[in-house]
Amino acid sequence: MTGWRNNFLRALAERAVSAEMGDELLREADLEAAERGLPPEQIFGPATAYADQLARALRVPSGSPLALAEQSSPALRLNGISKRYGRRQVLNDVTLEVRHGESVAVVGANGSGKSTLLKVCAGTVKPDAGTVERTEHVGYVPQSGGTAEFLTATEHFELFAAARQNSRRRGRATGERLAASLGWSPSSEHTAGQLSGGTRQKLNVVLGELSGPDLLLLDEPYQGFDHGSYIDLWTQIDRWREKGTGVLIVTHMLGDLDRVDRIIELDSPED
Amino acid sequence: MQMIAIARATSRGLVRRRSALLLLTVLPLAFYLARRDVTHSAIVVLALGLGWAAAMLSLFSTVNALELDHRLRVAGFSARSILLGRILAISSMGLALMVGYLVLAVVDQDVTRLGGVALMMLCALLVGVPLGITVGLVLKRELEGALALIILLATQFMTDPERPVAHWLPLWSVRGVADWALDLKDRTFLVDGLAHAGATLALLSLVIAGFSALRLRIHRYRPLTSSWSD
């Protein structure tokens with residue numbers, strides 16, 4: 001098998017396309033290449049890029065336009081949150097609300113307290129002032145860490161399933177399905193420490209949503225993602241909204257802010 | 001269920017760190033071989049080495065998992081399940097190691113009270129595991145934790161067990177039980193050793209409970225009911 005064909009099949013498998021479907025797509029590509037009398041790379045371009053395009057087209061589309069969540073109840077409500085580390089005021093009187101089925105982006109300069117705000121929402125950091133009201137069932141995707149270096153993706157799914165007393169089998173099945181929606185087919189051989197940065201981040205996202213939380217807290221979840229995975233993530237965020245999950249996402253990618261319902265901008269840090 | 005899930009994940013993670021496990025296995029063995037020609041010393045340092053290895057394993061497991069533990073707490077795990085699961089996994093591995101070293105002591109040395117030697121090792125293990133977790137929770141960093149354990153346990157090795165200050169060190173129970181098990185002294189020494197192990201374990205449990213409440217805390221929030229209709 002030529003390098004292009006081999007790369008094509010491998011890239012499809014990595015994007016959770018079944019072997020049968022991969023073979024069929026390769027046959028179609030071969031057929032078209034034969035008809036035109038050209039090598040496939042000249043017709044379709046790089047194998048990985050073409051496979052990525054096809055894999056995304058095969059996944060469930062994001063669907064109909066999203067309904068606004070005006071009538072739904074709040075999943076998170078922050079009132080007057082302030083936080084100071086030593087002399088530095090990180091958060092100053094932040095008030096916000098995220099409703100079920102609504103996505104809200106948090107933007108701001110470096111050091112403006114975006115990650116701290118998410119930690120306050122999750123409950124791992126205590127605010128100096130203000131109140132947090134939230135639904136109990138929360139999925140938290142931290143910017144870094146949050147996975148075990150020496151466990152495989154499947155073992156992570158089994159572990160996180162126990163948080164809500166779900167069986168290991170259910171955890172595995174749910175994790176693999178969610179991974180496929182991000183274009184990733186987890187390997188049972190590689191531990192998290194052996195995964196690329198982008199794939200490890202996909203694991204991070206899947207673990208956040210594994211138990212079907214009512215509120216998802218995402219801290220720049222796309223770090224290390226390629227373009228296709230980045231688009232998949234936004235499609236996934238749309239799906240969560242449709243299901244009624246409230247989504248609070250910290251982001252630097254200002255170009256995609258039209259995809260969220262509301263934007264909260266945090267004040268720049270004090271000098 | 002949560003505790004078992006943590007124990008399983010911890011064991012899997014530890015088993016994959018083969019070189020680290022090998023080195024921790026060698027640690028008591030190296031101590032033993034250095035004193036092999038003196039039965040009493042050889043078995044005492046073997047047990048102390050086992051406690052040291054268990055403490056190191058617990059320290060690194062605790063510090064490495066702190067970020068993951070926060071996330072597991074948010075996901076719904078209780079702090080108690082996380083800690084007990086980790087203790088269960090490390091203690092099980094320590095027990096397997098202990099059995100191996102017990103066989104070594106019986107085969108290679110002239111041991112009269114086998115049960116006493118087992119008790120020495122059990123004391124080392126039962127104190128070593130929570131000691132490592134305590135240092136991990138208090139200091140939160142690997143290097144600082146490793147240095148603290150070296151200070152504590154090297155002092156334990158160097159201090160004359162007859163001196164009053166030795167009684168304040170965490171693994172003194174091993175030496176107390178050794179007096180009964182190896183030097184065939186009266187039961188008072190055994191009782192003193194076990195009492196020391198029990199008191200140390202109780203103290204470490206209290207510190208673990210306090211610091212885990214601090215380190216693995218989910219801060220209070222007002223609950224909102226989850227309701228959603230299309």
List every residue whose amide H lies under 5 Å from the amide H of A:THR124, counting only residues 5 or more places away in sequence or on a different chain, with H placed 1.01 Å from N in the peptide plane. B:HIS219
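How much accessible area per residue does the protein assembly as shown have, in Å², with a 1.4 Å probe?
Values: 23250 Å² over 501 residues.
Dividing the accessible area of the protein assembly as shown by its residue count gives 46 Å².
Are any of the pairs A:LYS202/A:LYS243; A:LYS83/A:LYS243; A:LYS126/B:LYS140; A:LYS83/A:LYS119 more than 22 Å apart by Cα-Cα distance, and if so, which? Could the numbers behind the result be given before it?
Values: A:LYS202/A:LYS243 20 Å; A:LYS83/A:LYS243 33 Å; A:LYS126/B:LYS140 18 Å; A:LYS83/A:LYS119 11 Å.
Result: A:LYS83/A:LYS243 exceed 22 Å.
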Can you list residues from other chains, or at least 5 along the same chain, whose modelled amide H is less than 5 Å from the amide H of A:ARG99? A:ALA75
For A:VAL94, distant residues with modelled amide H under 5 Å away: A:GLY80, A:ILE81, A:SER82
Once phi is turned into θ = phi - 60°, what whole-Hz ³J(HN,Hα) does the Karplus curve with 6.51, -1.76 and 1.60 give for every residue of segment B:19-33, x standing for Gly and Pro? 5, 5, 5, 4, 5, 5, 5, 6, 3, x, 5, 5, 4, 4, 5
Rounded to two decimals, the Debye log10 I(q)/I(0) of the protein assembly as shown (Cα scatterers, no solvent) at q = 0.09, 0.10, 0.13 Å⁻¹ is -0.75, -0.86, -1.15
Please work out whether chain B counts as rounded, prolate or oblate from its C-alpha gyration tensor, where a ≥ b ≥ c are the square roots of the eigenvalues and a/c under 1.5 means rounded, while otherwise a/b larger than b/c means prolate and anything else oblate? prolate
Do any GluC sites (Glu not before Pro) in segment A:172-271 lie in a DSSP loop with no more than 13 other beta carbon atoms within 10 Å, and if so, which? A:GLU189, A:GLU270
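Of all the accessible heavy-atom surface of the protein assembly as shown, with the other protein chains kept in place and a 1.4 Å probe, what percent is carbon and sulfur? Provide the component values of the computation, followed by the final result.
Values: 12790 of 23250 Å².
On the protein assembly as shown, the fraction of accessible area on carbon and sulfur atoms equals 55 percent.
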Helix B:2-16 axis, angle to chain B major axis (alpha carbon atoms, nearest 10°): 60 degrees
Which ³J(HN,Hα) values, rounded to whole Hz and listed in residue order, are derived for segment B:85-93 from phi using the Karplus coefficients 6.51, -1.76 and 1.60 in 6.51 cos²θ - 1.76 cosθ + 1.60 with θ = phi - 60°, glycine and proline given as x? x, 5, 4, 4, 5, 5, 5, 4, 5
When the Karplus curve 6.51 cos²θ - 1.76 cosθ + 1.60 is applied with θ = phi - 60°, which whole-Hz ³J(HN,Hα) does each residue of segment A:186-202 get, with x for Gly and Pro? x, 8, 7, 9, 8, 7, 4, x, 9, 7, 5, x, x, 5, 5, 5, 5
Please calculate the 1.4 Å probe accessible area of A:ARG88, with all protein chains present, and give it to the nearest 10 Å². 100 Å²
Rounded to the nearest 500, the 222 nm mean residue ellipticity computed for the protein assembly as shown from DSSP H runs (n ≥ 4, each -39500 (n - 2.57)) alone is -19000 deg cm²/dmol
Checking the a/c ratio against 1.5 first, then a/b against b/c, what shape does the Cα gyration tensor give for chain A? prolate
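For the pair A and B, how large is the buried accessible area, both sides, in square angstrom to the nearest 100, if the probe is 1.4 Å?
Approximately 3400 Å² gets buried when A meets B.
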Cα axis of helix B:187-215 to longest principal axis of chain B: angle in degrees, 0 to 90, nearest 10? 20 degrees
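By its C-alpha gyration tensor, with a ≥ b ≥ c as the square roots of the eigenvalues, how is segment B:93-169 shaped: rounded for a/c under 1.5, else prolate for a/b larger than b/c, else oblate? Walk me through the numbers on the way to the answer.
Details: a/c = 2.59, a/b = 1.52, b/c = 1.70.
It comes out oblate by the Cα gyration axes.
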What share of the DSSP beta bridges in segment A:137-271 is antiparallel, in percent to the nearest 5? 10 percent
Rounded to the nearest 10 degrees, what's the angle between the helix B:39-64 long axis and the longest principal axis of chain B, both from Cα atoms, 0 to 90? 10 degrees
Rank by packing, highest mean first: peptides B:154-161, B:205-212, with packing defined as the count of other Cβ atoms within 10 Å averaged across residues. B:205-212, B:154-161
Treat segment B:157-230 as a sphere of radius equal to its Kirkwood radius over Cα pairs and apply Stokes-Einstein at 4 °C in a medium of 1.567 mPa s; give the translational diffusion coefficient in µm²/s, rounded to a whole number. 83 µm²/s
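The values are calculated or read from the model by the stated rules, or taken from the named source; none is laboratory data. Only a predicted model underlies this, so the values are computations on that prediction, with no experimental measurement involved. Ideal geometry is used to build each Cβ from the backbone, glycine not excepted, and the neighbour counts take in all protein chains shown. All accessible areas refer to the heavy atoms of the entire protein, side chains included, with ligands and DNA or RNA removed. Shrake-Rupley method; radii C 1.70, N 1.55, O 1.52, S 1.80 Å.
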